[in-house]
Ligand SMILES: [Zn+2]
């Protein structure tokens, strides 16, 4: 049995490389969710999902780091486009305060408000479409959790979960899923296996000083099996079941 990667950015690889990369990915993965980040990337995600049907599953959203480059009107237009697509999740959307403080460095308070505004809009859109929202959070986990507790979307996945054990348990109590990988964090050993999803976040995540590749999902499987002291087979079986159930694919 092959594992499933709930977060790979195939659209971020060079067009020349992507077919070879997907062929390699198929050797180790049973499937993958490819989240989108901004209008152009979202179109590429849809194209790849059509070409690799039943292997790549599309999620679309406007990622917080692209907000400063877009007008409110452009974002609204994109959300309207997304609302008409056949997708398995809204993703990835969320808050990225690191980006505002370390990269953008201007209008930080104003841009924070925009991030929150469009995060909330995308939560509502996910609920309206009856699909999960895949959440990106950097330097903002407390605020993300606060918003989720207020809005209570039906389904949410905290990708690259950066909170602590207590926050993780809070999210699980609300019915949400936590995703990690390729290096799964130690406290995941104390979380129920049926609430965990695995991901590589390739190519953005670093593994041993190189960019992650889809095959690195095997590192995530190995690590979680070690942490929980169970077989890799069991990890794959249950996390695949979680994907099927939560994303209805
Ligand atoms: Zn991502």
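Among (1) in contact with a helix residue (DSSP H, G or I) (Cβ under 8 Å, 6 or more places away or on another chain); (2) at pLDDT 95 or above, where does residue 183 come up short?
If we test residue 183 against (1) in contact with a helix residue (DSSP H, G or I) (Cβ under 8 Å, 6 or more places away or on another chain); (2) at pLDDT 95 or above, just (2) comes out false.
Can you find a residue that is touching a strand residue (DSSP E or B) at 6+ places or on another chain (Cβ under 8 Å) and under 19 Å from residue 176 (Cβ atoms) anywhere in region 107-121?
For region 107-121, residues touching a strand residue (DSSP E or B) at 6+ places or on another chain (Cβ under 8 Å) and under 19 Å from residue 176 (Cβ atoms): present.
Pairs only if they're at least six apart or on different chains, beta carbon under 7 angstrom, first in region 36-63 and buried (at least 20 other Cβ atoms within 10 Å of the Cβ), second modelled with pLDDT under 95; list them, first residue then second.
57/249
From the list 133, 123, which one is more than 23 Å from residue 223 (Cα to Cα) and within 16 Å of the ligand (Cβ to nearest atom)?
Details: 123 fails: within 16 Å of the ligand (Cβ to nearest atom).
Being more than 23 Å from residue 223 (Cα to Cα) and within 16 Å of the ligand (Cβ to nearest atom) holds for just one of 133, 123, which is 133.
List every residue pair whose Cβ atoms lie under 8 Å apart, where the two residues are 6 or more positions apart in sequence or sit on different chains, the first residue falls within region 148-167 and is more than 17 Å from residue 129 (Cβ to Cβ), and the second residue, located anywhere, is assigned to a loop (DSSP other than H, G, I, E, B) and within 16 Å of the ligand (Cβ to nearest atom).
Pairs that qualify, where the first residue is more than 17 Å from residue 129 (Cβ to Cβ) and the partner is assigned to a loop (DSSP other than H, G, I, E, B) and within 16 Å of the ligand (Cβ to nearest atom), are 159/6; 159/7; 159/199; 159/201; 160/7; 160/199; 160/201; 160/205.
For region 1-12, what are the residues that are crowded, with 21+ Cβ neighbours inside 10 Å and either away from the ligand (no atom under 12 Å from the Cβ) or in a loop (DSSP other than H, G, I, E, B) (or both)? Please lay out each step first, then the result.
If we filter region 1-12 for residues that are crowded, with 21+ Cβ neighbours inside 10 Å, which is where we start, we get 3-11.
Selection gives 3, 4, 6, 7, 9.
Filter region 48-81 down to the residues that are within 16 Å of the ligand (Cβ to nearest atom) and part of a helix (DSSP H, G or I), then identify the one that is nearest to residue 240 (Cα to Cα). Spell out the reasoning first.
Step one: filter region 48-81 for residues within 16 Å of the ligand (Cβ to nearest atom), giving 48-49, 56-67.
Checking which are part of a helix (DSSP H, G or I) leaves us with 48-49, 64-67.
Working: 48: 21, 49: 19, 64: 28, 65: 30, 66: 31, 67: 33 Å.
Among those residues, the one meeting the criterion is 49.
What do you reckon, is residue 139 within 16 Å of the ligand (Cβ to nearest atom) and surrounded by fewer than 20 Cβ atoms within 10 Å (Cβ to Cβ)?
On the way: within 16 Å of the ligand (Cβ to nearest atom): yes; surrounded by fewer than 20 Cβ atoms within 10 Å (Cβ to Cβ): yes.
Criteria met by residue 139.
Report whether or not residue 111 is assigned to a helix (DSSP H, G or I), at pLDDT 95 or above and touching a helix residue (DSSP H, G or I) at 6+ places or on another chain (Cβ under 7 Å). Please lay out each step first, then the result.
Numbers: assigned to a helix (DSSP H, G or I): yes; at pLDDT 95 or above: yes; touching a helix residue (DSSP H, G or I) at 6+ places or on another chain (Cβ under 7 Å): yes.
In short, yes.
Among the residues of region 194-229, write down those that are in contact (Cβ under 8 Å) with a residue 12 or more places away in the chain, surrounded by 14 or more Cβ atoms within 10 Å (Cβ to Cβ) and farther than 13 Å from residue 3 by Cβ.
Correct list: 195, 201, 202, 203, 205, 207, 212, 213, 227, 228.
Condition check: over 24 Å from residue 202 (Cα atoms) and outside any helix (DSSP H, G or I). Does residue 120 satisfy that? Spell out how you get there, then give the answer.
Numbers: over 24 Å from residue 202 (Cα atoms): yes; outside any helix (DSSP H, G or I): no.
Against the criterion (over 24 Å from residue 202 (Cα atoms) and outside any helix (DSSP H, G or I)), residue 120 does not qualify.
The values are calculated or read from the model by the stated rules, or taken from the named source; none is laboratory data. Note that the structure is a prediction, hence the values are computed from the model and not measured. Ideal geometry is used to build each Cβ from the backbone, glycine not excepted, and the neighbour counts take in all protein chains shown.
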